[in-house]
1. Scan the stretch 90-112 for residues that are under 30 Å from His43 (Cβ atoms) and assigned to a helix (DSSP H, G or I) and report the count.
2. Taking the stretch 40-86, which residues are of a type outside the set (A, V, I, L, M), under 14 Å from the mean Cα position of the chain (by Cα) and within 28 Å of Arg101 (Cβ to Cβ)?
3. Tell me which of these Ser84 doesn't satisfy, since it passes every other one: (1) surrounded by 14 or more Cβ atoms within 10 Å (Cβ to Cβ); (2) within 30 Å of Lys107 (Cβ to Cβ); (3) among the small types (Gly, Ala, Ser).
4. Examine the stretch 80-89 for a residue that is among the hydrophobic types (A, V, I, L, M, F, W, C), modelled with pLDDT under 95 and assigned to a loop (DSSP other than H, G, I, E, B), and state whether such a residue exists.
5. Looking at the stretch 59-76, which of its residues are over 19 Å from Gln44 (Cα atoms) and either touching a residue at least 12 places away in the same chain (Cβ under 8 Å) or of a type in the set (Asp, Glu) (or both)?
6. Count, please, the residues in the stretch 55-73 that happen to be in contact with a Cys (Cβ under 9 Å, 6 or more places away or on another chain) and in a helix (DSSP H, G or I).
7. Being assigned to a helix (DSSP H, G or I), more than 30 Å from Ala61 (Cα to Cα) and either free of Cβ contacts under 8 Å to residues at least 12 places away in the same chain or of a type in the set (Asp, Glu) (or both) is the filter here; which residues of the stretch 1-51 pass it?
Amino acid sequence: QCDKAFSLNSNLITHQRTHTGEKPYQCSQCDKAFSQNGDLIKHQRTHSGEKPYQCSQCDKAFSGKGDLINHQRIHSGEKTYQCSQCDKAFSLNSNLKTHQRTHTGEKPYQCS
């Protein structure tokens, strides 16, 4: 369905779910389902409140490793997401995407 190739069959199967929409990992506590088991495990922490990823520089803890990594950029000052239109850089991709609207004029939130 696309040109991606993988060295492991299991990675191919996981990727193919992005095309099929298959979500075989069902949460037992709500109606959410996921294409990858790791996403289910992270989601289940919203029910349990478990936050196993602790920041070593402050008292914040996170349910996902990626959330901790993003948070640690606050302490390090690392800004990996560079705007291609100007010299601004951001620590979070979501902040870059919001900033880019200043260049495109996009206003996605319409009052109804």
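1. 9
2. Residues of the stretch 40-86 that are of a type outside the set (A, V, I, L, M), as a first pass: 42-60, 62-67, 70-73, 75-86.
Those still in the list that are under 14 Å from the mean Cα position of the chain (by Cα) too: 42-43, 62-67, 70-71.
Within the stretch 40-86, Phe62, Gly64, Gly66, Asp67, Asn70, His71 qualify.
3. (1)
4. The first filter runs over the stretch 80-89 and keeps only residues among the hydrophobic types (A, V, I, L, M, F, W, C), leaving 83, 86, 89.
Then drop every residue that is not modelled with pLDDT under 95, which leaves none.
Within the stretch 80-89 (the criterion being among the hydrophobic types (A, V, I, L, M, F, W, C), modelled with pLDDT under 95 and assigned to a loop (DSSP other than H, G, I, E, B)), the answer is no, since none of the residues qualifies.
5. The answer is Asp59, Asn70, His71, Gln72, Arg73, Ile74, His75.
6. Keep residues of the stretch 55-73 that are in contact with a Cys (Cβ under 9 Å, 6 or more places away or on another chain), which gives 61-62, 68, 71-72.
This time we only want the ones that are in a helix (DSSP H, G or I), so: 68, 71-72.
Selection size over the stretch 55-73: 3.
7. Passing the criteria: Asn9, Ser10, Leu12, Ile13, Thr20.
The values are calculated or read from the model by the stated rules, or taken from the named source; none is laboratory data. Computed from a prediction, not measured in an experiment: that's the story for all the values here. Note that each Cβ is placed from the backbone with ideal geometry, even for glycine, and that neighbours are counted across all protein chains shown.
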